1. Once both labels are modelled 7 Å past Cα along the beta-carbon direction, what's the Val225-Arg111 spacing in nm?
2. Could the peptides 300-313, 97-110 be put in order, highest first, of the mean number of other beta-carbon atoms found within 10 Å of their residues?
3. Subtract the Cα-Cα distance of Ala244 and Ile348 from 0.36 nm times their separation in residues, and report this length gain in nm to one decimal.
4. Sorted by packing (mean other beta-carbon atoms within 10 Å per residue), highest first, where do 236-248, 378-390, 265-277, 81-93 land?
5. Which number do you get for Rg(Cα) / (2.2 N^0.38 Å) in region 97-390?
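Throughout, read-outs are computed from the coordinates displayed, never taken from laboratory work. On a predicted model such as this, the values are computed, not experimentally measured, just so you know. Positions of Cβ are backbone-derived with ideal geometry, glycine not excepted, and every protein chain shown enters the neighbour counts.
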Amino acid sequence: MNDSPGWASPGSAPSDGKETAIPRPSGPQDGSGPTGQWSPEQPPAGQWSPPSNPGSGPGAPPPGPGWGGSPQRQGWGGPPPAAQPGVIPLRPLSLGEILDGSVSALRAHWRTALGFSLGVSVITQLAVILLQRYLLPEPTSIDPNATGSEALRQASESARSTLLSQAPATLITMIATLFTASVVTVVISRSVLGRPTSLADAWAEARPRLLPLLGLTVLLTLIMVVTMTVGIGPGLLLGSAAGAALALLGFLAACVVALWLHVSFALAAPALMLERQSIVAALRRSAKLVRGAWWRTFGILALTWLLTFLIAVVISIPFDVIAEIANGAGAGDLFSGATPSTGWPFLIVSGIGNVIVSTLIYPFTAGVMALLYMDQRIRREALDLDLARAAGLPGYTPDTPRS
């Protein structure tokens, strides 16, 4: 299978056996008639223009698209461009095409994708604000003058309090991400085929896969937790200086393993949604698609994480500053690293910023994952031919070979 981009589409040869447009002289009749049939005024020798330089002789027709063109142009110099019924060309994709395809799909179906993401983000943020305001305990204060065992105790209590306070918000955010990713994956799959979709259609197709998608997310979370526990557990059990060093080494090793597993299973959610796979089968499917392309997949995911982080920072910082000011903080408190407030002005203003960030980031990330999944299947399984047939493009039949 040819994994390089830019192969010729089936049935698109430049001439297709039709050569009537090529200027050439009539051949002699070789004894089939008298020589007097030739015109007495023959052109001088060497006046016929070669195919590579048409139009240099008098009366020559204008050059066609196949003569003398650059290799990038359709014609003799190279294959025609890949078919593109939707937001991406049906061939292996570059990094820029994956990112641009996600943005283009969201822009074309913004009412469905961004509208759904906005609704989910508002509900999620309201739940998080109510948790922070009424149910979660106040953050543990740390005495900056504490030393020795007292400082370690305060740091440990602060870390435990932070984890407990972040767990409900993380769970709610995870569920919101699942809802958004399920709908956006359906939107992306139809955008590739150039088909319109409504929120009702996307939700009807995504709803039966929500529970398996939730199970997949829980299983992946457990895998990461077990990996980190196995890495740092033995060192923590020792409880000495040697144990601390062992825990640090185990933590570093666990981070490497967790990263490798995260990238290997990154395409499990699109496989579960689009192929109707079971949870375990989706994990195996993702590992198979990523195998041999781990570093490329990691690079695309890392750039996506970086872009989403920058978007979140650019949008969140102004809202956080306004939230602190609205909550009565002075100029010296903005960059002092003080514990965030749980007052209503702070929660409302910062919540608006979080809604905007979530509305943009959730669907963009889900779109990149779906297109990365399709790209790997195009490279390995000629999914482009199946997509072209599904889109109803002419010239693509079930027996069409991939060139």
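1. So the two model labels end up 4.2 nm from each other.
2. Details: 300-313: 14.6, 97-110: 19.4.
Ranked from most to least packed, the peptides come out as 97-110, 300-313.
3. Numbers: separation 104, 0.36 × 104 = 37.44 nm, distance 4.15 nm.
This chain segment gains 33.3 nm when fully extended.
4. 265-277, 81-93, 378-390, 236-248
5. Expressed relative to 2.2 N^0.38 Å, the Cα Rg reads 1.13.
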